Amino acid sequence: MSALFAIGFILSGYIINIQTYTVSEAMTSTFGIDMMLIAVIFTVLLYVMIAGGLKGIGKWASILVPFMCIFYLIGGVIIICQNITAVPECIALIFTSAFNGTAAVGGFAGAAASLAIKTGMARSVFSNEAGWGSAPMIHASAKVDHPVKQGMLGIFEVFIDTFIVCTLTCLICMVTGEWSSGLEGASLTLAAFESGMGSVGRIILALGVFLFGITTASGLYAEIEVIVRYIVGDTKIKNIALAFYKWTYPIPALALVAVSVYNEFSDSTVWIISDATTALPIFINVFSLFILAPKFAELVKDYNARHLGEGKVDKDFRVFYEE
């Protein structure tokens, strides 16, 4: 299972990395700059970020991410408030279209309930990483006195990302009417922000997408590094393997942009390729969750006893695997 997960995750996060493509598409549609030029600039800056190692990535992210989140949330709320009367109709449309299909153009043409659910689940994996098995690699590096505390943070993270940020994005696209424009991916959200806040809003968001993309790509680098370290272990080739991984990590993503530009792939085609690579690690991870369910129940019971005063504390219980 470890081997299959490692192979699948490296394929989806290292070989087919969607971040460079998404950022390049967003910047090109906004500023009209050549997509390959943006991809090269993004790649160079990504090298700068990962050169600092895991600590360097954390330092950059702590500076960039709060600014990006605040602007996106405030901008989104402003647009929705400007069109508040359209919100009830949009919410009703979401449910009726999900179960009855919709005549919308673009990526949702003739979408039936099964396609809506399948597309939603595929996108949610890239949105919050729940079920992919990637986020635990970051959570596992946190220093806490009980794993359930970090687990609750992970649940809160998924709630904020999906239930709040993604719902906000959905409503922005709908209340501005851009959802039926035929646009897809980052271009759709950018057009919605431009419709609600003018060209300045689109430019700021495009820069935000660039920052979101580079911090996400560098975070994914850290996650895959955990797998590389696990595979090579404490052997003689450890330093060589890590160095090779560090200096080759951005290259496949740049190659994906080059191939898509040369073959004139649509946004949906690139996303289908990316979605397909996530199937193996998700399957292995979800299967492992069933195996680990009893241990999870034991940890929750121990946490309730130690921190909430519910039940009796078992002093011999091992909270961490290394104990």
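Key figures
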| quantity | calculated |
| --- | --- |
| Average accessible area per residue (Å²) across the chain - probe 1.4 Å, nucleic acids and ligands excluded | 55 |
| Label selected from [x] 32, 22, 19; [y] 34, 27, 19; [z] 27, 24, 21, the criterion being semi-axes √(5λ) of the Cα gyration tensor in Å as computed here | [y] |
| Convex hull of Cα atoms in the stretch 253-316, direction-averaged projection (nm²) | 7.7 |
| Percent of C-alpha pairs per 5 Å bin, the stretch 206-245, short to long | 6, 23, 21, 15, 12, 10, 7, 4, 1 |
| The chain: angle of helix 35-50 to the longest principal axis, Cα-based, in degrees nearest 10 | 30 |
| Relative contact order computed over the chain (Cα-Cα under 8 Å; 6+ residues apart), in percent | 36 |
| Subset of Lys118/Lys238; Lys149/Lys238; Lys59/Lys295; Lys149/Lys236; Lys59/Lys149; Lys149/Lys312 violating a 30 Å alpha-carbon distance limit | Lys118/Lys238; Lys149/Lys238; Lys59/Lys295; Lys149/Lys236 |
| Max mean-square fluctuation residue, GNM over the chain, Cα-Cα springs under 10 Å, options Leu292, Leu64, Leu168 | Leu292 |
| Tensor-based shape of the stretch 110-240 (alpha-carbon gyration tensor, a/c under 1.5 rounded, otherwise prolate or oblate) | prolate |
| Acute angle (nearest 10 degrees) that the helix 279-307 long axis makes with the longest principal axis of the chain, alpha-carbon atoms | 60 |
| With Cα atoms, 0 to 90° folded angle of helix 250-262 axis to the chain main axis | 30 |
| Counted charge near Ser24, where neighbours are those whose Cβ lies closer than 12 Å (Asp, Glu -1; Lys, Arg +1) | -3 |
| Packing-based order for 312-318, 261-267, using average beta carbon neighbours within 10 Å, highest first | 261-267, 312-318 |
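The values are calculated or read from the model by the stated rules, or taken from the named source; none is laboratory data. Worth saying up front: this structure is predicted, and the values here are computed from it rather than measured. We place every Cβ from the backbone using ideal geometry, glycine too, and count neighbours over all the protein chains shown. Protein only, heavy atoms only, side chains kept; ligands, DNA and RNA dropped before computing areas. Shrake-Rupley method; radii C 1.70, N 1.55, O 1.52, S 1.80 Å.
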